[in-house]
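Take a look at the structure below.
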Amino acid sequence: MKVLVTGGTGYIGAHVTRGLAAAGHEPIIVDDLRASKPERAGNFALERVDLADTPALTAVFARHRPDAVIHLAGSISVAESVRDPDLYWNNNLGAGASLLLACARHPVRALLFSSTAAVYGNTDRSPIPEDAPLNPTAPYGSSKLGFEHLLHRSAPALGLRSAALRYFNAAGANPEWGVGEAHDPEEHLIPRIIASVLDGKALHVYGDDYPTPDGTCTRDYIHVTDLAAAHVAVVEADGLASGRSFNVGTGRGTSVLEVIRAVGDRLQRQPRVEMSARRPGDPATLVADPSALREAVGWQARHSSIEEIVDSAVTWEMSRRAARS
Ligand SMILES: NC(=O)c1ccc[n+]([C@@H]2O[C@H](COP(=O)([O-])OP(=O)(O)OC[C@H]3O[C@@H](n4cnc5c(N)ncnc54)[C@H](O)[C@@H]3O)[C@@H](O)[C@H]2O)c1
């Protein structure tokens, strides 16, 4: 099927497009390249359009007539959303509404949305099921939750099947696909650890006094190849009920110190760690209960041991640096 992928040149989008193509589908990318490079589109069709530009987006739908949409485009930094909440409401909710307007004019069978574990905020539940209380602590999570609601409530009128995938911590890279993580600025833990080892710079760890076994935050790391497979499984699941939100994770938690050790072991050099104060709004533990997605479509993580994630992320970063030098 033809699948329009918003944010398809971003980190996760670049993996989702390649996962779709490997499963025999035709991805069409819509991305205004505000946070990515056109090379990431590879050989796939790329429409350079801001989702907020409804007429331009509607014209893209008219040209390509997609069967389904996977909506990954968005603004992604929790810290930036606290500094600039308007950007998050405009880009994560407003531009999403513009996408629904395009779907109203050119109906599609399904729309999958990239949501986030940040919709849960601070919670005592671990692992977290989808029916846990939804208490996002920053505009990032609130804007993603806002679009989940808008999408699910609008889906019947639009005649499409909606699904939201709440990613936990996306990580790793698929070396066969030649794409990996390259955010600017990079706020994610694994590339930050790799860079601090390779560049000999101190790594700041935010808090070692959390109520976790070693005092540092615990997260559920999910390999992007597994994330891509989850999208393919959900977009293909025509019989799946509309309006569902699913966790995408492994059910296992790994602490910041455990991730640092895994990267240090892979590179045979440990980073210099400097302990800093907690960041406001960082929950101690975020671990998914992924059983609903497994029961719905048979998906489960296959590449998400911390060793495989770290190995692939290091391989990607080394090749990126070699290409630059
Ligand atoms: N990376 C993670 O761990 C993680 C976790 C949970 C959820 N998510 C969600 O997954 C999605 C993708 O994340 P990512 O890490 O690949 O981010 P990314 O920044 O690498 O990719 C986002 C892409 O969207 C594009 N974009 C943003 N706003 C746009 C607009 N208005 N019009 C057109 N294109 C636009 C950017 O140019 C970029 O290519 C985001 O929606 C994010 O909230 C990511």
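The values are calculated or read from the model by the stated rules, or taken from the named source; none is laboratory data. Being a predicted model, the structure only gives us computed values, none of them experimental. Virtual Cβ from ideal backbone geometry, glycine too; neighbours counted across all protein chains shown.
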Given the conditions (1) in contact with a helix residue (DSSP H, G or I) (Cβ under 8 Å, 6 or more places away or on another chain); (2) more than 9 Å from the ligand (Cβ to nearest atom); (3) on the phi < 0 side of the Ramachandran plot, report the number of the one that Gly42 does not fulfil.
(3)
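If you check Arg279 against the conditions, is it assigned to a helix (DSSP H, G or I), of a type outside the set (A, V, I, L, M, F, W, C) and surrounded by fewer than 22 Cβ atoms within 10 Å (Cβ to Cβ)?
Details: assigned to a helix (DSSP H, G or I): no; of a type outside the set (A, V, I, L, M, F, W, C): yes; surrounded by fewer than 22 Cβ atoms within 10 Å (Cβ to Cβ): yes.
Judged against the criteria, Arg279 is not a match.
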Would you confirm whether or not region 151-161 contains a residue that is crowded, with 18+ Cβ neighbours inside 10 Å and not in a helix (DSSP H, G or I)?
yes
Take region 289-325 and flag every residue that is assigned to a helix (DSSP H, G or I) and closer than 16 Å to Val234 by Cα.
Ser291, Ala292, Leu293, Arg294, Glu295, Ala296, Val297
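In a helix (DSSP H, G or I) and either farther than 27 Å from His303 by Cβ or more than 9 Å from the ligand (Cβ to nearest atom) (or both): which single residue out of Asp32, Asp86 fits that description?
Working: Asp32 fails: in a helix (DSSP H, G or I).
Of Asp32, Asp86, the one residue that is in a helix (DSSP H, G or I) and either farther than 27 Å from His303 by Cβ or more than 9 Å from the ligand (Cβ to nearest atom) (or both) is Asp86.
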Filter region 121-141 for residues that are free of Cβ contacts under 8 Å to residues at least 24 places away in the same chain and surrounded by 16 or more Cβ atoms within 10 Å (Cβ to Cβ); which is nearest to the chain's Cα centre (by Cα)?
Pro136
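When you go through Glu258, Glu236, Glu274 one by one, which is the residue that is surrounded by fewer than 19 Cβ atoms within 10 Å (Cβ to Cβ) and free of Cβ contacts under 8 Å to residues at least 60 places away in the same chain?
Details: Glu236 fails: free of Cβ contacts under 8 Å to residues at least 60 places away in the same chain; Glu274 fails: free of Cβ contacts under 8 Å to residues at least 60 places away in the same chain.
Testing whether each residue is surrounded by fewer than 19 Cβ atoms within 10 Å (Cβ to Cβ) and free of Cβ contacts under 8 Å to residues at least 60 places away in the same chain leaves just Glu258.
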Search result, residues across region 2-26 that are farther than 18 Å from Gly74 by Cα, within 14 Å of the ligand (Cβ to nearest atom) and out of contact with any His (no Cβ under 8 Å at 6 or more places or on another chain)
Arg18
Scan of region 240-284 for residues that are modelled with pLDDT under 95 and in contact with a Cys (Cβ under 8 Å, 6 or more places away or on another chain), ordered by number:
Asp282, Pro283, Ala284
Name every residue in region 60-83 that is more than 13 Å from the ligand (Cβ to nearest atom), touching a helix residue (DSSP H, G or I) at 6+ places or on another chain (Cβ under 9 Å) and farther than 25 Å from Gly19 by Cα, in order of residue number.
Ala79, Val82
Are any residues in region 163-210 within 14 Å of the ligand (Cβ to nearest atom) and assigned to a loop (DSSP other than H, G, I, E, B), and if so, which ones?
Phe168, Gly172, Ala173, Gly180, Glu181, Ala182, His183, Asp184, Pro185, Glu186, Glu187, His188
